Amino acid sequence: MKTLENWFKEYAVSHQNKTNIAIHFICVPAIFFSIVGLLMSIPNGIIASIVPGVNPFIENWAFVVLLLLLFFYVRLSIKMAFQILIFSAICIVGNYYIGLYAPLWIVSLAIFAIAWVGQFYGHKIEGQKPSFLKDLQFLLIGPAWVIQKMFGKK
């Protein structure tokens, strides 16, 4: 099993250009946020019937999926899993409030599309293919890499 540092080293190969890195700092969190929104847009009848009481922050598919994703991050780093947990909670709360004022799935889909255009533009500038084309797990490494670059050791 690769360590988190090994994942980061491999990910960094196609993320050297400062403009591409800046684009990733915006687009990777935006994509994560939009996926949370899309998952929260899925009807949650099954989950609502299992969870006692009424709690819109945990009665949604995003909560379930993010809970499962945390196992991936815990295997790599407890610290990173905690940071992803905090970011995930912010995404759930943010999407909940967006959903009160606008159709969440439409807003999320727009963010998703715009952020992916940005990502591919960044990789065009970089002159490298996105890492996830080599291994889909890099889709989970991207958010961790951004968090590590922003808040971790330099």
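Of all the criteria given as (1) more than 21 Å from Glu10 (Cα to Cα); (2) in contact (Cβ under 8 Å) with a residue 24 or more places away in the chain; (3) open to solvent by 30 Å² or more (accessible area, probe 1.4 Å), the one not satisfied by Leu100 is (2).
Taking every residue in the range 121-138 that is in contact (Cβ under 8 Å) with a residue 12 or more places away in the chain and farther than 13 Å from Ala22 by Cβ and pairing it with any residue that is of a type in the set (Val, Ile, Thr) and open to solvent by less than 60 Å² (accessible area, probe 1.4 Å), at least 6 positions away or on another chain, the pairs with Cβ-Cβ distances below 8 Å are Ser131/Ile141. If you go through the range 36-54 and pick out every residue that is outside any loop (DSSP other than H, G, I, E, B) and at pLDDT below 75, you end up with 6. The residue list Phe63, Phe33, Phe57, Phe87 contains one member that is at pLDDT below 95, open to solvent by 40 Å² or more (accessible area, probe 1.4 Å) and within 14 Å of the chain's Cα centre (by Cα), which is Phe63. Of the residues in the range 75-82, none is out of contact with any strand residue (DSSP E or B) (no Cβ under 9 Å at 6 or more places or on another chain), closer than 19 Å to Asn20 by Cβ and assigned to a loop (DSSP other than H, G, I, E, B).
Criterion applied to Ile92, Ile78 was being over 17 Å from Val28 (Cβ atoms) and open to solvent by 80 Å² or more (accessible area, probe 1.4 Å), and the one residue passing it is Ile78.
The values are calculated or read from the model by the stated rules, or taken from the named source; none is laboratory data. The shown structure was predicted, so the numbers you read here are calculated from the model rather than taken from an experiment. Using ideal geometry, Cβ is built from the backbone for each residue, glycine included, and neighbour counts are taken over all protein chains shown. Just the protein is used for accessible areas: all its heavy atoms, side chains included, with ligands, DNA and RNA removed. Shrake-Rupley method; radii C 1.70, N 1.55, O 1.52, S 1.80 Å.
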